[in-house]
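A short worksheet on the structure shown next.
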Amino acid sequence: MQINRIVDLSRPVGPETQAFPGDREPSLERSATVAVEGYNSTGVHMSSHSGTHADAPYHFLDDGPRLEELSLGQFTGAAVVVEATGRADRSPITAEDLAPWRERFAPGAAVLLHTGWADHYGTSRYFDHPYLAGDAARLLVEAGVRCVGIDAPSPDSTPHGPHPEGDWAAHMSVLGAGGTIVENLCGLERIDFADPLFVALPIRLSSGDGAPVRAVAMGFG
Ligand SMILES: [Zn+2]
């Protein structure tokens, strides 16, 4: 088998990373240098949800599986890119909107919501992203999907400024079924080849409620 294409779907992690409202901002601190110690090394301070990252069920459910209790298969899958661009701020993506891709929702699929909101990364509008409506999240879970990604900070609407806290329906559906959610994806429009494989393996953080990933789409055509 040969990998012919590999598309990076991940954000850089550093002081420039946009943090979720209320979450800590990553920082990097040089802890050794070639000039002094003979090598470069860096102290990394970040949230388990910094940058492009995966959520484990434990993120929302105290008795839900933590990162290390999940099969790595939960972070990979045949990518199904749902086109949901050109939508209004804070608009729902409904079960009806998912209809064109419905036959491809199945166990082993990774459903990636392409909202185009990655273009607003770094601005406050990034948090006014479209979101996955509860009925749509339930449809995915009932079809057996256990990995859902989005090119926005959350599949649920983000409490931000004058916008109150939502019901976390998408998180609760997917994580409640033992699935995973990958947030802050970018570059989904570059998946322009047949049968892409999505891979977003998290670092093996102890007791993890989530962890950064290097998300990619691979093509073997
Ligand atoms: Zn998260």
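Going by the structure shown, is ASP135 touching a residue at least 24 places away in the same chain (Cβ under 8 Å) and away from the ligand (no atom under 16 Å from the Cβ)?
Yes; evaluated as a whole, the condition is true for this residue.
Regarding THR123, is this residue within 22 Å of VAL13 (Cα to Cα), over 16 Å from the mean Cα position of the chain (by Cα) and surrounded by fewer than 20 Cβ atoms within 10 Å (Cβ to Cβ)? If you could, list the steps in order and put the result at the bottom.
On the way: within 22 Å of VAL13 (Cα to Cα): yes; over 16 Å from the mean Cα position of the chain (by Cα): yes; surrounded by fewer than 20 Cβ atoms within 10 Å (Cβ to Cβ): yes.
So THR123 fits the description; yes.
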Study note, to complete from the structure: Scanning region 95-104 residue by residue, those surrounded by 15 or more Cβ atoms within 10 Å (Cβ to Cβ), assigned to a helix (DSSP H, G or I) and aliphatic (A, V, I, L, M) turn out to be LEU98
Exercise for review: Return the pairs, sorted by first residue and then second, in which the second residue is in a helix (DSSP H, G or I), the first residue lies in region 99-128 and is without any contact (Cβ under 8 Å) to a residue 12 or more places away in the chain, the beta carbons are less than 8 Å apart, and the residues are 6+ apart or on different chains.
Suggested key: HIS120/TYR126; HIS120/ASP128
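Take the residues in region 160-177 that are outside any strand (DSSP E or B) and farther than 19 Å from ALA136 by Cα, then tell me which one is farthest from the chain's Cα centre (by Cα). Let's see the steps before the verdict.
Of all residues in region 160-177, those outside any strand (DSSP E or B) come to 161-162, 164-177.
The next check asks that each one be farther than 19 Å from ALA136 by Cα; those that pass are 161-162, 164-165.
Numbers: GLY161: 22, PRO162: 25, PRO164: 22, GLU165: 20 Å.
Among those that are outside any strand (DSSP E or B) and farther than 19 Å from ALA136 by Cα, it is PRO162.
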Review point. Does THR115 meet the test of being surrounded by 20 or more Cβ atoms within 10 Å (Cβ to Cβ), under 23 Å from PRO153 (Cβ atoms) and of a type outside the set (A, V, I, L, M, F, W, C)?
Key: yes
Check your understanding: So LEU61 fits all but one of (1) touching a residue at least 60 places away in the same chain (Cβ under 8 Å); (2) assigned to a strand (DSSP E or B); what number is the exception?
Key -> (2)
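Here is a yes/no grid of residues against (1) hydrophobic (A, V, I, L, M, F, W, C); (2) part of a loop (DSSP other than H, G, I, E, B); (3) at pLDDT below 95:
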site	(1), (2), (3)
ALA88	yes, yes, no
ALA106	yes, yes, no
ALA110	yes, no, no
ALA137	yes, no, no
THR158	no, yes, yes
Review point. Taking interchain pairs and intrachain pairs at least six residues apart, which have beta carbon atoms under 6 angstrom, with the first residue in region 168-195 and of a type in the set (Phe, Trp, Tyr) and the second away from the ligand (no atom under 15 Å from the Cβ) and at pLDDT below 95?
Key: PHE193/GLY221
Point to revise | Among the residues listed as VAL13, VAL7, VAL81, the single one being surrounded by 15 or more Cβ atoms within 10 Å (Cβ to Cβ) and either within 13 Å of the ligand (Cβ to nearest atom) or not in a strand (DSSP E or B) (or both) | key: VAL13
Review point. Only one of these conditions is not met by THR180: (1) closer than 21 Å to PHE220 by Cβ; (2) in contact with a Pro (Cβ under 9 Å, 6 or more places away or on another chain); (3) not aliphatic (A, V, I, L, M). Which number is it?
Key: (1)
Check your understanding: What number of residues within region 16-56 are part of a loop (DSSP other than H, G, I, E, B), among the small types (Gly, Ala, Ser) and surrounded by 10 or more Cβ atoms within 10 Å (Cβ to Cβ)?
Key -> 6
Study note, to complete from the structure: Across region 131-157, the tally of residues that are in contact with a Phe, Trp or Tyr (Cβ under 7 Å, 6 or more places away or on another chain) and over 14 Å from ASP55 (Cβ atoms) stands at 5
Review point. When THR180 is evaluated against the numbered criteria (1) within 12 Å of the ligand (Cβ to nearest atom); (2) over 20 Å from ALA137 (Cα atoms); (3) hydroxyl-bearing (Ser, Thr, Tyr), which criterion, by number, is the only one it fails?
Key: (2)
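The values are calculated or read from the model by the stated rules, or taken from the named source; none is laboratory data. Note that the structure is predicted; figures quoted are calculated from it, not measured. Neighbour counts run over all protein chains shown; Cβ positions are idealised from the backbone, glycine included.
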